[in-house]
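Visitor: First the structure, which I've put down as C-alpha cells, then a few questions once you've had a look.
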Amino acid sequence: MASTIQRSIVTTESRAVRYLLISLALLFIGVFLVIPLASVFIEAFRQGWRLYLAALVEPDALQAIKLTLIVAAISLPANLIFGIAAAWSIAKFDFKGKSFLTTLIDLPFSVSPVVAGLIYVLMFGAQGWWGPWLIEHNYTIIFAVPGIVLATIFVTFPFVARELIPLMEAQGSDEEQAAIVLGASSWQMFWRITLPKIKWALLYGVILANARAMGEFGAVSVVSGHIRGMTNTVPLHVEILYNEYNFVGAFACASILALLALLTLAAKSYVEWRGEQQAAADRRHAVEE
C-alpha cells in the first residue's frame, strides 16, 4: 500500500515539472562538479604529456605521493580495528555511556579539521603539554610523520564505524548467540558469521576513509610544518606549487587526487550495488525459510 501511494505521488507530477527538476539537478551537477573536475585535467595536460609526467616524477612530488600512501596505509588499519570494535560494542551490548560513545564517534564530523590539527599541536608541540618531555627524549611528533598520521586518523575514524553501526543494529545478534550455544569460539563467530554479513558495509567505510585520508588538507596542514620533500602530502604539495605559480605541476598533482575521487566513486557504486544484491538475497532466503 505504501509503495502504491509513493508511486502515485511520483507519477502525478506533470512532465514539464519533472523535466524542469531533472534539468536543474543536471545543471547544478555540471556547473559545480563536472566542469571543475574536467578543468583540473584540462589544465594538467594543457602543455602536453611531457611536462605533465615531468611534474609527477619530480622528487618532491614523488615524496609527497609516497608520504600520502604511507599515511593512508597506517591510518586505514587503525580505522578498521576501531570501527569494528566500536560498532560491535554499540550494536551488541548495552552499557552506561553508550549514547555518549556514539556522540564522540561523530565528533570529527562537527569539529573543523584545522581545530583537530591545533589539538595535536597543543598536546605534542614544543610548547604543548607533553612537548618538553618529547624533546628531552628525542621524540618528534609535530612537524613529522607521526603527527600527520594522528591528525589523519582523527578526521577519518568515524567512517567505518558509522557504516557498520546501523547495519549491525538492524541485523541483531541472534546468529552470533546461536553460534556460541553450538560451541563456536569468538573468532570463529566473527570470521564465519559476523564478517560475511558486514563485509560490504565494511569495505564501503574503508573506501570513504581512504579517500578522506589521501585528500585531507586542514588538519595535516597544521601539524606538518610544510617541510618540502619531507612532510608534504599531495594536497599540501599542490598548494605550494600553486602559490609558486607552477600551475602545470599543481594541476598535475591535483589530477592524481581527482583520479582518486573518480576511482572512489566507482568503487563506492560497486560496493553499494553488491550490498543491495546481498540484501536482496538475504530477503529471498528469509522468505524461503
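Visitor: Looking at region 43-78, which of its residues are without any contact (Cβ under 8 Å) to a residue 40 or more places away in the chain and either on the phi > 0 side of the Ramachandran plot or of a type in the set (D, E, K, R) (or both)?
Guide: GLY48, ARG50, LYS66
Visitor: Moving to a separate point now. For a quick check of your reading of the model, give me the residue pairs whose first member lies in region 14-41 and is closer than 25 Å to LEU257 by Cβ, whose second is at pLDDT below 90 and of a type outside the set (Val, Ile, Thr), with beta-carbon atoms closer than 6 Å and at least 6 apart or on different chains.
Guide: LEU37/ALA258; VAL40/ALA258
Visitor: Of all helices (runs of 4 or more DSSP H) completely enclosed by region 161-258, which ones contain at least 2 residues that are open to solvent by 60 Å² or more (accessible area, probe 1.4 Å)?
Guide: Where helices (runs of 4 or more DSSP H) fall fully within region 161-258 and carry at least 2 residues being open to solvent by 60 Å² or more (accessible area, probe 1.4 Å), they are 174-181, 186-189, 195-215, 234-243.
Visitor: Let me ask you something else. Going by what's in this entry, would LEU67 be described as open to solvent by 50 Å² or more (accessible area, probe 1.4 Å) and either assigned to a helix (DSSP H, G or I) or not β-branched (Val, Ile, Thr) (or both)?
Guide: No, not satisfied.
Visitor: Give the residue, chosen from ALA64, ALA38, that is among the small types (Gly, Ala, Ser) and at pLDDT 90 or above.
Guide: Going through ALA64, ALA38 in turn, just one is among the small types (Gly, Ala, Ser) and at pLDDT 90 or above: ALA64.
Visitor: While we're on this one: Do we have ILE153 as over 15 Å from the mean Cα position of the chain (by Cα) and assigned to a helix (DSSP H, G or I) here?
Guide: Against the criterion (over 15 Å from the mean Cα position of the chain (by Cα) and assigned to a helix (DSSP H, G or I)), ILE153 does not qualify.
Visitor: Please indicate, with yes or no, whether at least one residue in region 213-232 is out of contact with any Asp or Glu (no Cβ under 6 Å at 6 or more places or on another chain), farther than 30 Å from ALA144 by Cα and not β-branched (Val, Ile, Thr).
Guide: No, the conditions are met nowhere in region 213-232.
The values are calculated or read from the model by the stated rules, or taken from the named source; none is laboratory data. A quick note: this is a predicted structure, and the numbers were derived from the prediction, not measured. Neighbour counts run over all protein chains shown; Cβ positions are idealised from the backbone, glycine included. These accessible areas exclude ligands, DNA and RNA; they are computed on the full protein's heavy atoms, side chains included. Shrake-Rupley method; radii C 1.70, N 1.55, O 1.52, S 1.80 Å.
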